[in-house]
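S.K.: Below is one structure. I have some questions about it.
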Amino acid sequence: MVMGLKRDLLHAIDPARFARDELGFEPDDWQADVLRDTAQRVGMNITRQGGKSTISSIKALHTAIYRSRSLSLVLAPSQRQSIELFRKITDFREDMEHPPALIEDNKLSCQLENKSRIVALPGSDATIRGYSAPALVIADEASRIPDMVFAAVRPMLATSGGSLMLLSTPFGKRGMFYRVMTEPRHWSVYTVPATRVSRIPPAFLEEEKADMLDWEFRQEYECEFVDLEAGLSVFNPDDWKAALSDNVTPYTFARLEVEAVT
């Protein structure tokens with residue numbers, strides 16, 4: 001009994017150990033760092049298939065189990081995407097040796113026996129405004145969620161002390177995700193390109209690089225914020241923007257008046 005309580009306390013304190021012992025999941029170093037990160041604002045710029053949705057799912061499950069009566073919201077650009085992430089969370093719960101019982105369970109939400117709730121929502125400010133004081137908000141594919149959605153989310157965290165996690169690959173030099181990752185300030189940020197993920201074979205990346213446009217590969221696998229116009233323009237937008245200057249004196253031409261010949 002004492003050993004069980006000690007183990008449970010260790011899991012409550014250390015989410016990475018919870019992942020190993022309860023879920024049989026061995027996190028990468030950066031994933032363990034994210035799980036243990038106590039920052040209230042976390043940004044993850046992670047390659048495709050890098051494990052960002054997996055680790056955020058474990059974070060949500062850990063929060064629900066060890067913070068009774070807590071609310072965790074899962075956001076994504078579409079309802080389908082948020083349901084996929086929600087399904088990862090419920091799959092992890094079912095994989096536990098002694099999963100916490102559910103008193104509510106449906107396609108979009110669940111409630112644990114400790115009254116904690118996890119709810120999947122689409123990235124729409126209209127659907128989000130009905131919730132308050134979440135312990136955790138996870139925004140999947142955050143680079144593709146409109147800023148007005150985050151404007152609706154952030155006030156919810158004012159009194160709850162809750163955490164906001166943004167996870168995505170880049171999608172151009174715009175939006176909240178781009179600003180957070182390039183000017184972190186009070187955010188704890190992680191950038192993990194495909195070359196740092198041992199599960200992605202180098203040969204696969206070579207094939208992808210050969211088949212994709214350069215800017216697509218840099219965005220999806222190298223986690224670079226590429227100006228989307230660059231992929232559609234003959235000239236690189238950064239080059240022509242650099243050629244512009246406000247310090248050049250413009251030429252002036254005298255007005256020519258032409259008299260009509262009668």
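S.K.: Pick out which of Arg154, Arg117, Arg48 has the largest mean-square fluctuation in a Gaussian network model of the chain, springs linking Cα atoms closer than 10 Å.
M.R.: Arg154
S.K.: Now for a separate question. Given 0.36 nm per residue, what is the gain on full extension from Arg67 to Glu216 after removing their alpha carbon distance, in nm?
M.R.: 49.6 nm
S.K.: For a quick check: with amide H placed at 1.01 Å from N, whose amide H comes under 5 Å from Val137's, ignoring anything fewer than 5 positions away on the same chain?
M.R.: When sequence neighbours closer than 5 places are left aside, the close amide H contacts are Leu73, Ser163, Leu164, Met165.
S.K.: Test of understanding: express the Cα radius of gyration of the stretch 146-213 as a ratio to 2.2 N^0.38 Å, with N the residue count.
M.R.: Rg over 2.2 N^0.38 Å, computed on Cα atoms: 1.49.
S.K.: Next question. Each residue of the stretch 198-209 in order: what ³J(HN,Hα) in whole Hz does its phi give by Karplus 6.51 cos²θ - 1.76 cosθ + 1.60, θ = phi - 60°, with x for Gly and Pro?
M.R.: Residue by residue, the stretch 198-209 yields 5, 6, 9, x, x, 5, 5, 5, 5, 5, 4, 5 Hz.
S.K.: Could I ask something else about it? Mind listing the phi-derived Karplus ³J(HN,Hα) values for the stretch 157-170, rounded to whole Hz, using 6.51, -1.76 and 1.60 with θ = phi - 60°, and x for any glycine or proline?
M.R.: 8, 4, 10, 8, x, x, 9, 10, 10, 10, 10, 5, 9, x
S.K.: Now for a different question. Give the long-range amide H neighbours of Ser188: residues separated by 5 or more places, or on another chain, with amide H under 5 Å away, using H modelled in the peptide plane at 1.01 Å from N.
M.R.: Residues meeting the amide H criterion: Arg41, Val42, Gly43.
S.K.: Under 18 Å from the 7 Å Cα→Cβ point of Gln49, by amide nitrogen: which residues of the stretch 5-42?
M.R.: It comes to 28, nothing else.
S.K.: With unit charges on the beta carbons (Lys and Arg positive, Asp and Glu negative) and the dipole taken about the Cα centre of the stretch 28-199, which residue among Ser68, Pro100, Met148 sits farthest to the positive side?
M.R.: Met148
S.K.: Run the numbers for Arg7 and Arg20: contour at 0.36 nm per residue of separation, minus the present Cα-Cα distance, in nm.
M.R.: Result for the pair: 3.5 nm of gain on full extension.
S.K.: Relative contact order for the chain: what percent, with Cα pairs under 8 Å and sequence separation of 6 or more?
M.R.: In percent, rounded to a whole number, it is 20.
S.K.: Can you compute the modelled spin-label distance between Arg179 and Leu108, with each label point 7 Å from Cα toward Cβ, in nm?
M.R.: Once both label points are built, they end up 2.9 nm from each other.
S.K.: Here's a follow-up. What is the percent of Cα-Cα separations in the stretch 28-199 that go past 28 Å?
M.R.: 16
S.K.: Please express the shape of the stretch 66-136 as an equivalent ellipsoid: the semi-axes are the square roots of 5 times the eigenvalues of the C-alpha gyration tensor, given largest first in whole angstrom.
M.R.: Taking √(5λ) for each eigenvalue gives 21, 15, 9 Å, largest first.
S.K.: For the pair Glu97/Asp227, report the inter-label distance in nm, with labels modelled 7 Å from Cα in the Cβ direction.
M.R.: 5.7
S.K.: Kindly write out, for the stretch 54-71 in residue order, the coupling ³J(HN,Hα) from the Karplus curve 6.51 cos²θ - 1.76 cosθ + 1.60 (θ = phi - 60°), rounded to whole Hz, with x marking Gly and Pro.
M.R.: 4, 6, 6, 5, 5, 4, 5, 5, 4, 4, 5, 6, 9, 10, 4, 6, 8, 10
Only the coordinates and a few stated rules stand behind these numbers; no lab work does. All values reported here derive from a predicted model rather than from experimental measurement. A quick note on method: Cβ atoms are made from the backbone with ideal geometry, for glycine too, and the neighbour counts reach across all protein chains shown.
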